[in-house]
Amino acid sequence: MRQSQLFTRTRKEAPTDEISKNAQLLIRAGFIYKEMAGVYTLLPLGFRVIKNIERIIREEMNAIGGQEVLMTTLQDPKLWEKSGRWDDSVIDVWFKTTLRQGTELGIANTHEEALTNILREYISSHRDIPAYIYQIQTKFRNELRAKSGIMRTREFQMKDLYSFNADEAGFRAFYEQCAQAYMRIFARAGIGDVTYRTFASGGSFSPFSDEFQTLTEAGEDTIYIDDASGRAVNKEVYTDDVLAELGLSKDAMREARSIEVGNIFPLGTRFPEALGLMYTDESGEKKFPYMGSYGIGLGRLMGTIVEVLSDDKGLVWPHEVAPFAVHLVSLAGNNSDVAAEAENTYNALTERGIEVLFDDRDARAGEKFADADLIGIPTRVVVSEKTIAAGGIEVTDRKTGSTELVPESAVPDYFSND
């Protein structure tokens with residue numbers, strides 16, 4: 001991608017009505033565009049980040065046996081009436097719409113009912129389970145007050161996986177597999193060292209659940225952490241009984257602010273019972289499968305990365321989620337030799353499969369460096385009269401700020417080993 005052809009551009013100031021750091025930086029750097037409260041468009045750079053987050057999640061879900069589908073957004077009220085969740089007093093974030101002939105439909109905020117109903121056609125025997133089915137899809141929730149930038153919105157992408165096991169033991173085994181996969185996702189996204197599996201309330205789903213909470217002062221939650229075990233407890237269930245059950249002591253726990261970046265829930269047989277999903281076990285007895293649900297909001301994860309890793313200059317993307325691996329900055333001015341060397345470097349990198357954002361604009365060096373810091377691509381490569389005279393290119397690590405001169409002859413191996 002040549003930066004001169006990128007239709008978006010950076011800006012010095014964020015909109016005055018945007019108070020969250022994640023949205024301020026993403027708007028200023030040209031990653032997102034705010035349509036209205038709680039609704040954001042992903043621009044080219046932001047779309048590339050989300051697709052990388054999606055790739056990481058997909059790889060980890062596939063690795064534990066997940067099968068990907070794409071379910072419908074429009075929902076049949078009859079299914080939700082069976083589970084008791086159509087009423088707005090039960091789920092208060094519904095968006096609903098009415099067809100011309102007066103039929104009311106739901107706009108999906110989650111998919112337990114829809115998938116359980118689908119599986120009535122495909123699960124009848126113990127040979128048909130376990131089944132681990134997920135999607136990465138746009139969800140809609142009528143939040144009373146959309147806030148926290150892209151971390152709490154009315155329209156967002158979510159990975160939701162649903163597990164169906166023959167019994168609770170099988171469910172628990174997969175539940176732990178999924179918890180481990182979540183921690184791998186957050187590690188690959190660059191926030192694993194500040195993300196904790198956190199014991200929490202199950203809300204309307206179950207008595208308890210597990211959240212994955214990332215430490216940041218911008219967080220909406222308060223958790224208590226036991227550093228020795230690496231476990232945490234959400235403030236809402238931080239009681240003596242819960243701590244005793246988990247084998248934790250208040251004396252060893254510290255308080256912290258955090259953002260929930262994922263959650264996993266035991267659902268038991270609630271939805272199979274409501275929707276009539278049964279299987280026949282080895283002895284011929286009819287049983288309800290044991291179910292779980294597992295969610296990660298892609299935009300919420302993206303916003304959390306920004307909150308945790310950005311600095312006073314701008315965004316700082318981890319390698320696996322960055323929109324490009326390299327930000328190539330040409331300081332050619334009117335020097336044709338520098339321009340030619342920058343083109344050669346761009347071609348050499350792209351031919352090796354390295355994704356490059358090439359700042360070939362006719363702009364001042366200070367502007368280019370400020371934009372590079374704001375955009376936050378992990379590695380910056382500078383081609384200038386100075387680097388040509390030294391026989392190489394200047395490589396800067398965005399996170400650490402460390403800079404080195406890489407000889408021209410060593411460039412291919414340098415980036416191959418990155």
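No lab work stands behind these numbers, since they all come straight from the coordinates. Since the structure is predicted, the reported quantities are computational estimates derived from the model, not experimental observations. Virtual Cβ from ideal backbone geometry, glycine too; neighbours counted across all protein chains shown.
Residue-wise HN-Hα couplings along the stretch 245-260, as the Karplus relation 6.51 cos²θ - 1.76 cosθ + 1.60 with θ = phi - 60° gives them from phi, are 5, 8, x, 10, 10, 4, 5, 9, 10, 10, 8, 8, 8, 7, 10, 6 Hz; Gly and Pro carry x. On full extension, the segment bounded by residue 311 and residue 201 gains 36.3 nm, given 0.36 nm per residue less the C-alpha separation.
In nm, what is the difference between 0.36 nm times the number of residues separating residue 399 and residue 281 and their Cα-Cα distance? Intermediate results must be reported in sequence, preceding the final value.
Details: separation 118, 0.36 × 118 = 42.48 nm, distance 5.49 nm.
The residue 399-residue 281 span can extend by a further 37.0 nm.
Fewest neighbouring Cβ atoms within 10 Å first, the residues 374, 99 line up as 99, 374.
Only beta bridges with both residues in the chain are counted; by DSSP, about 80 percent of them are antiparallel.
Ignoring aspartates and glutamates fewer than eight residues from residue 21 along the same chain, the ones with Cα atoms less than 13 angstrom from its Cα are 13, 217, 307, 311, 312.
For the stretch 3-309, rounded, prolate or oblate, judged on the Cα gyration tensor with a ≥ b ≥ c (square roots of eigenvalues), a/c < 1.5 rounded, else prolate if a/b > b/c?
Details: a/c = 1.75, a/b = 1.24, b/c = 1.42.
Taking the square roots of the gyration eigenvalues as a ≥ b ≥ c, the stretch 3-309 is oblate.
What the Cβ-Cβ distance of residue 126 and residue 187 gives, at R0 = 30 Å and to the nearest 0.05, is a FRET efficiency of 0.25. In terms of overall dimensions, the C-alpha atoms belonging to the stretch 275-409 reach 80, 33, 25 Å along their principal axes, ordered largest to smallest.
Pairs from the list 235/313; 368/399; 159/313; 147/368 with a Cα-Cα gap above 24 Å: 235/313; 159/313; 147/368.
Which of 196, 134, 175 has the fewest other C-beta atoms within 10 Å, and how do the rest follow up to the most? Mind showing how you got there, number by number?
Values: 196 23, 134 26, 175 19.
Ranking 196, 134, 175 by Cβ neighbours within 10 Å, fewest first, gives 175, 196, 134.
Full extension from residue 2 to residue 410: what is 0.36 nm times the residue separation minus their Cα-Cα distance, to one decimal in nm?
On the way: separation 408, 0.36 × 408 = 146.88 nm, distance 2.40 nm.
Gain on stretching residue 2 to residue 410: 144.5 nm.
Placing unit charges on the Cβ atoms only, positive for Lys and Arg and negative for Asp and Glu, gives the chain a dipole magnitude near 920 debye about its Cα centre. Where both residues lie in the stretch 326-416, what percent of DSSP beta bridges are antiparallel, nearest 5? Counting only bridges with both partners in the stretch 326-416, antiparallel ones make up about 50 percent.
Taking 7 Å steps out from each Cα toward its Cβ at residue 257 and residue 168 produces label points 3.9 nm apart.
Taking a point 7 Å from the Cα of residue 9 along the Cα-to-Cβ direction, the residues of the stretch 369-390 with backbone N closer than 20 Å to it are 369-376.
On average over all directions, what projected area in square nanometres does the stretch 37-183 have, based on the convex hull of its Cα atoms? Intermediate results must be reported in sequence, preceding the final value.
Numbers: hull surface 44.3 nm².
So the mean shadow area of the Cα hull is 11.1 nm².
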